[in-house]
1. Here is a list: ALA261, ALA241. Which entry is assigned to a helix (DSSP H, G or I), crowded, with 16+ Cβ neighbours inside 10 Å, hydrophobic (A, V, I, L, M, F, W, C) and modelled with pLDDT of 75 or more?
2. How many residues, within region 496-521, are within 26 Å of ALA542 (Cα to Cα) and out of contact with any strand residue (DSSP E or B) (no Cβ under 9 Å at 6 or more places or on another chain)?
3. Which of the residues belonging to region 369-400 are closer than 19 Å to PRO602 by Cβ and in contact with a strand residue (DSSP E or B) (Cβ under 8 Å, 6 or more places away or on another chain)?
4. Do the conditions hold for PRO281, that is, is it in contact (Cβ under 8 Å) with a residue 60 or more places away in the chain and outside any helix (DSSP H, G or I)?
5. Can you say whether GLY36 is on the phi > 0 side of the Ramachandran plot and either touching a strand residue (DSSP E or B) at 6+ places or on another chain (Cβ under 8 Å) or not assigned by TED's automatic domain parsing to the domain that holds ALA103 (or both), as far as the supplied structure shows?
6. Looking at (1) within 23 Å of LEU389 (Cβ to Cβ); (2) part of a loop (DSSP other than H, G, I, E, B), which one does ALA341 not meet, given that it meets all the others?
7. If ALA15 satisfies every condition in (1) modelled with pLDDT under 95; (2) in the same structural domain as CYS148 (by TED's automatic domain parsing) but one, which is the exception?
8. Regarding region 329-336, can at least one residue be identified that is surrounded by 15 or more Cβ atoms within 10 Å (Cβ to Cβ), on the phi < 0 side of the Ramachandran plot and under 21 Å from the mean Cα position of the chain (by Cα)?
Amino acid sequence: LLVMAGDDDEELNSAAEVYSCFRHIELLPGAKPHPGNVVESDCLATVDLPPAVFPLADSLPSEAVTEGRLSSLQLQGVLYACQRHQTLLPGGERAGFFIGDAAGVGKGRQIAAIILDSLARGRPRHLWLSVSPDLAQDARRDLLAIGCHAHVIDGCRQLDRSATAFGLAKDCREGVLFNTYACLVSGGSGASRKTRLEQLIDWCAGDSAPAKFDGCLVLDECHRAKHFLPDAKEAANSKVAAAVIELQQRLPLARVVYCSATGVSELKNLAYMTRLGLWGPSRPFASFQDFRGLLERRGLAAAEMLAAELKATGVYVARGLSFRDAEFAIVDAPLTAGDIALYDSAAALWRRIHSSLLRACSLCRVRSPGQHLRSYWSAHQRFFLQLCLSLRVPAVLAEAKRALDIGLCPVLGLQSTGEAGLHASADLQSPSGFVSVCRHVCRQFLLSHFPAVSTLTGQPETWSSGERQRLLDELEACELPAGGLDLLIDGLGGPDDVAEMTGRRSRIIRCEGRGGFRLESRYAESGDAQSVNASERQRFMAGQKLAAVISDAASTGISLHADPGCANTRRRVHVTAELPWSAEKAVQQLGRTHRSGQSSGPVYRLVCLDLAGERRFCSGVAKRLQTLGALTKADRRAALVGDLGHLNCDTGRGRAALRRLYQYTAAGRLLRGVSLPEVFDGEVSTEQEGVRRLQACLLDMDIFERLAEPSGKCRLRDGETGSVNRFLNRLLGLLVAEQACLFRYFLAACGLEPAPGFGELLPFPPMLPFPVFPSYLSSHPSPLSSHLSPQSFHPSPLSSHPSPLSSHPSPLSSHPSPLSSHPSPLSSHPSPLSSHPSPYLPTHLPYLPIHLPSSHQHSSHPSPLSSHPSPLSSHPSPLSSHPSPLSSHPSPYLLIHLPIFPSIPSVFKSCLNSSISSIPFLPV
């Protein structure tokens, strides 16, 4: 354990410090390296997998290995999955394996090889679940590529067609049954028909009992099974997640493979992975609730340790393609004077709707006005999201056309299509233009959630019904832009030049020659969305269409990269016209154009409006990506591709700053240290005027409420906890100038922190919190102790300065150092690395910053540690003769360098159970 002084800002660390190159290991004779630059998070790279003992070479065709159809990286995942399946958990279920490789690494090939191994060992039936029936074609391709000619059954519908009076047809009794998660929760067509779940279980069982089925149960894109909490009400849980858990319970000996680049973005979404062996009888945690509660209290650092723990026990692998060949940039989309006027008019309309809604709820005697307000803010968010998308269109089109001009292929990514607004349009037979999705969202709210009938009399309330009609008329008169998807396709030449891969059934297109618009069905040729999207993808990859638009419906499973095996090998320019809120969807969509074996890496362009509220979308996804990196890569920074990391405002410091902003504004004061001209852009001359403007904004956002007259003061609403997410959501509803002012004030507050013992704010250095587990360090010797040369430890730059902890007796004084009883095998030989950091002690691991109050920084009391020699005290620092760069600035922050050691689950739990208050370095 090294104690050093200084700062550590995780946001300043480069990608090279987060990832390590994946090491090629020839597990089978003749195995080839993976065709692509593969990386692994640094924290996972420091942990080794257990020894490989499974005889995988007995079941795989030798040409699949020697010809590189399965790379060494993919063989590693296959081998450890098969090896893990040899283990039974204490409850009798077969242990599962989690493939957490990023998009583009080749998870489909690994799944195919796992199935091939089972087929070769006499297990004839296997179940493969994924998100779309269209991916069955990809499953067939992956199986054939490695020499597996098993019959792929295309879902339960093919089982229905093959059913006869004597049972299933022979070719459907065995093979690989490919199905979707949606099918798990659907019922039969008649009252006597079994549910699809029962049908799948019966097929797996064959002529025996379901409990004896030992084939593969592949949960591809398993993040679709999230949203399940064992202690929650049934209605609150996802039906898909409940079905997946039941399927695992009914097939206890199935060889479960969890497979997803984004298997879990939050701990609560891990409940469906029951075969990891983390909770249950005779396991480290009694229940999922215990597991979740303990890790959530420990934060991201515990999640990092969990991922490393899973790899060390052979349960989990997570590799990803390097973004070294990809480019990433944020494109600013400026707002014109017309855009600002349009936005301000829309904000004023919603402000009026809010005030009218409150009065209507009172006049109509609404029993639960809070429900109407929640519906209001939900529609408010959807409206401004669509408005921002439409305002982004000119900048997105400019990027796409620039790419086409220089011989590249643009791929435009968005989430929603606005089809609901299209079908709600009054005139679909002869449309006069593209439909405004914004207008539809607002109209739908007014018609469905604006109260106009008294709950006492059941009759229309005069003022409320009249006001609703006035608001509808004002909405129709408001100039609102058309839907972003239609504008993008039309701006790039129409459907003949743009491959559209979305889930919508119809669209409005511009009539060539005679002018005007018409409604067109996308299913006219093929009949369903999956076939249409597959056909559009083929045209794009063949070079028949040089631009593509993808939505959430096409963001999973498909490949749109520059494939050398296809005609269209132009470099891809992936423009994110609409960044999703979900981290899973963000990672999935970015991975469509970044795959193994590509001829060139993609160019990513994130288009952001010059609008303060636009930060809400970037910040939200950055936060989710940060959490996602901690849980699936053992490093919270690992999912922050490109430049997204600095956009995250929803941090502990951000939440604390927002709470102080609320407190000071409610008290009628500005934060000390904030520049008045900088925040208000020179428009405000006095502090009182600035505070009044801020209070007015927070009142419009419904975060503040006005006190009773005549005081005219305001206060923070009850229940407001300083949610950055809510603040940024509602910020979008302000005028453009008001957004800029309030957001500048928030950013200024984020750079300040309360000084100890003072109520005002002082500059605060950025820090990275990390918990320490002293019981683990004191009772378990380090596995590195036999490999470390004492001369190779990092020298402390504060070796010549008295310890700021000298006034605090250390509880560790009675515990011997875990390194003291293990002499270094190199101790008798001079270390050639004496002047360099040791390669055995990673410098990239996280630090624990500890803040010491100023009263404890200098003390004349001797330290009780002074009488106990340190195991390192006899080894002079090679840098002891060099002055410390911090000598003139004593830092009140200490950083503890904590390697993450591989351990068994029980030790992992004991680490987490260690009380943070018992750490001797933290003043209580």
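1. ALA241
2. 4
3. Of everything in region 369-400, those that are closer than 19 Å to PRO602 by Cβ and in contact with a strand residue (DSSP E or B) (Cβ under 8 Å, 6 or more places away or on another chain) turn out to be ALA395, VAL396, GLU399, ALA400.
4. yes
5. Judged against the criteria, GLY36 is a match.
6. Among (1) within 23 Å of LEU389 (Cβ to Cβ); (2) part of a loop (DSSP other than H, G, I, E, B), ALA341 violates only (2).
7. Of (1) modelled with pLDDT under 95; (2) in the same structural domain as CYS148 (by TED's automatic domain parsing), only one is false for ALA15: (2).
8. First, pick out the residues of region 329-336 that are surrounded by 15 or more Cβ atoms within 10 Å (Cβ to Cβ): 330-331, 333, 335.
Right, trim to on the phi < 0 side of the Ramachandran plot and you get 330-331, 333, 335.
Then drop every residue that is not under 21 Å from the mean Cα position of the chain (by Cα), which leaves 330.
Scanning region 329-336 turns up at least one residue that is surrounded by 15 or more Cβ atoms within 10 Å (Cβ to Cβ), on the phi < 0 side of the Ramachandran plot and under 21 Å from the mean Cα position of the chain (by Cα).
The values are calculated or read from the model by the stated rules, or taken from the named source; none is laboratory data. This one's a predicted model, so the numbers in the text were calculated from it and none came from an experiment. Reconstructed Cβ throughout: ideal geometry from the backbone, glycine too, with neighbour counts over all protein chains shown.
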